[in-house]
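For reference, the structure is listed below as structure tokens.
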Amino acid sequence: MTIRTLAMLGNHLPRHCGIATFTTDLFDAIEREVPELESFVLAMNDVGAEHAYPPRVRFEIPQGDVAAYRRAADFLELSSVDVVSLQHEYGIFGGKAGGHVLELLRALTVPVVTTLHTILAAPDPVQRAVMDAVVGLSERVVVMSDDGARLLREVHGVDPAKIDVIPHGIPVAPDRPSKRSGIASGGSVILTFGLLSPDKGIEYVIDAMPAILARHPDTVYIVLGATHPHVKQEHGEAYRQMLQTRAERLGVEGSVIFHNRFVSHEELVEFLGAADLYVTPYLKEEQSTSGTLAYAVGCGKAVLSTPYRYARELLGDGRGILVPWRDSARIGAEVNALLDDPGKRKELQQRAAAFGRSMSWPLVARRYVESFERAERTHEERRRAGVAARTKTLAKRRAELPELDLAHVRLMTDDTGILQHATFDIPRYSDGYCLDDNARALLLVTHVEEAGTVAPDEVRSLATRYLAFVNHAFDEGSGRFSNFLTYARVWHEGPGSDDSHGRAVWALGAVIGRTADPGRRGLAARIFHGALPATRELTSPRAWAYTLLGIDEYLRSFEGDSTVGAVRAALAAKLVGRFGETRTAEWPWFEDRLTYCNARLSQALLVSAARMGDVEMAQIAERSLDWLVGQHVAADGRFAPVGTNGFHVRGEARADFDQQPVEACAMVSACLDAYRVTGHTRWLDRARRAFQWFLGQNVLEQQVYDARTGGCRDGIHVDRMNENQGAESTLSFLTALAEMRAADPVASVLGRAAE
């Protein structure tokens, strides 16, 4: 054998999910078959979760922590592993389409063999880009079916010589099926097992039970398995309760048994032994593997299934029965036919058992080891030829982004909302609250929630508080917001500024476009639509820009809303008109001065033009942002935003101080959107340069971000830092960081060649 040390990356028991079971089973099987091979596991953790792993798990990776993937790569390099076995499923890695894992893969010098648990026939652009990159960074890829291999070739253009088809492993089936007491008594048993979620289609089997019981009254249907942790976290036990209520309504509750627990292998084998029929009524055609179906076939069960991809292949050649989607009548008819005909049932069982013998874990483990050895040999051959080195040394890696720390945000937030100002890092009650900052905070936590890097309970708590503040500030009669609230909870002005109105609309649009929570989305939509008409009367170009950014967020969910589209067209036309009035060849800008949040004007036009397909508008947006970038660069090339002590009036000297975090945040966000819209990688470089201003790449060469508190200093004076850490500054840094982290792992995958 050519390999001595193997590292396996994936989920692992006691985490409850199919990938965890598979990783654990594969590790166990390899350990039994090749005891001389030293192996260990790197386990993925979902947000906020901790598990009591066995000693074989030597490293844990929080799925949303980009830096942890890089640390894991360093750990693997230092551990001198020969091969890394990666279990890939989009949902177990952080970032868009699980893109965070690319940070680990890019940093490795050892060969990677990736097992693909999901292969999509029609991936979206990000899913396609991430999958292409994962496959490209892998020495070999393993799929569990011929259909999976076909999809890799046709959809992703993978060389067939790089693909190994290895079936899903199954436990060695007992010589004789068991009829364990307590599982069933006397009658026929239909079984479905696995983690419950609404896409499992179990309700269609329950709907078939009256017809089954009319013919076979002693039949029981066992639903074995706990609710999927992610489903339970989001929806509780609503799906299981719906199934139970449905059984009661149909009068079959005495014949439907729910075992709400995650079962051991031993229990599972006993339940399978007791079953006469196994059913997978799943609703997603694209499902490319199913461990539960593999187990049932391997144990020689008569199987009934809907025709998802894996089922079509596994149950072909008479190894099972396929029924149409969502067809309870057909399920009932086929179950009755099999229960009526023991001979036909036995024939299915024999064919399934014969096929299953090639899927036993000992055989599967040996085939995996063969794949690992092929990968190691190929990698070594390429290394000798001088083409294998793809990694970057630690010295050459791009600077890592900081952890996203909400400690100072939590400190600045009370039961009402986020306070405006701080003295050093101590909240200043005397200045109270403002709509501006609570809208900024709502926008931040919406981005954080989408990224999945912070525990859902914490995000929900903060987001609900900030949205409640925005709702409290809104006057339905006038359609306007108040801005300033004293610490005594008294509004001390009438309608707030145009800018605060636009910023609130922006945050509300983001909630609608990015959040799955129905309560927050519903309230945000009500306020959004109530506040939108007033935006036509606003006179501030920044208020127009903020509103356009909010509309763009809203249209992520409701593209085609003609009423909102009309407001977008009107406000975009105002910005274009303002540009035409003030621009010159030397000053291609919307105003005769540069003040604050300047980049938001170009950004708003850019994203609006992209949705509207307006080429002229896009050209104005990119030209103005290009020029603005040049106005925010110091002589040494570092980012240097225009100062607030005088700003920059056309024809006059520019103010270099005080430099504000809100300006750096705006530039980061605008450049990232420019990259997403145009694909030109220069915008990524500009976003990184603007972000580095927070981390010490500024005229004072001092960190504006305070890693000790998680806050951000209020700006740069000519001779010193402003040590106060108010809400605007902290939220500006954290928003820029959240956007950088969202863009970073996938950026180089989706990017076009630099110009």
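Residues D146, D714, ranked from the fewest to the most other C-beta atoms within 10 Å, line up as D146, D714.
Annotation for segment 127-173 versus segment 66-126: alpha-carbon center distance of 14 Å.
In µm²/s, what is D for segment 525-633 at 20 °C and 1.002 mPa s, where D = kT/(6 pi eta Rh) by Stokes-Einstein and Rh is the Kirkwood radius from Cα pairs? Before the final figure, lay out the partial values.
Values: Rh = 14.1 Å.
This corresponds to a translational diffusion coefficient of 152 µm²/s.
With both labels modelled 7 Å from their Cα along Cα-to-Cβ, the E347 to D317 distance reads 1.7 nm. Under a 5 Å amide H cut-off, with hydrogens placed 1.01 Å from N, F193 pairs with L224 among residues at least 5 apart or on other chains. Normalised Debye scattering of segment 1-125 at q = 0.11, 0.14, 0.21 Å⁻¹ gives log10 I(q)/I(0) of -0.35, -0.57, -1.31, counting only Cα atoms as equal scatterers and leaving out solvent.
Within the chain, all pairs of alpha-carbon atoms sorted by distance into 20 Å bins from zero give the percentages 15, 41, 32, 11, 1. Considering the dipole of the chain built from charges on the beta carbon (Lys and Arg +1, Asp and Glu -1) around the Cα centre, which of A67, S188, H265 is farthest to its positive end? Among A67, S188, H265, the one farthest towards the positive end of the dipole of the chain is S188.
The distance linking segment 628-642 with segment 480-504 is 33 Å (Cα centroid to Cα centroid, whole angstrom).
For the chain, the residue among P641, P588, A121 whose Cα projects farthest onto the positive side of the dipole built from Cβ charges is A121.
Over every Cα atom in segment 193-291, the radius of gyration and the widest Cα-Cα span, Dmax, amount to 13.6, 39 Å. Oblate is the label for segment 416-525. Its Cα gyration tensor axes, ordered a ≥ b ≥ c, give a/c of at least 1.5 and b/c at or above a/b. With all pairs of different C-alpha atoms in the average, the Kirkwood value for the hydrodynamic radius of segment 407-750 is 20.1 Å. Each Lys and Arg adds +1 at its Cβ and each Asp and Glu adds -1 at its Cβ; summed about the Cα centre, segment 189-358 shows a dipole of about 260 debye. Estimated from the Cβ-Cβ distance and a Förster radius of 35 angstrom, the FRET efficiency linking D414 and R556 is about 0.65. Note on segment 189-358: the alpha carbon radius of gyration divided by the globular reference 2.2 N^0.38 Å gives 0.96.
With contributions of -39500 (n - 2.57) from each DSSP H run of at least four residues, the per-residue ellipticity at 222 nm computed over the chain stands at -15500 deg cm²/dmol. Just need the relative contact order of the chain here, percent rounded to a whole number, with Cα pairs under 8 Å and 6+ apart. For the chain, the relative contact order is 11 percent.
Quick note: the coordinates plus some simple rules give every number you see, no bench work behind them. No experiment lies behind these values; they were computed from the predicted model shown. In this analysis, Cβ positions are derived from the backbone assuming ideal geometry, glycine residues included, and neighbour counts consider all displayed protein chains.
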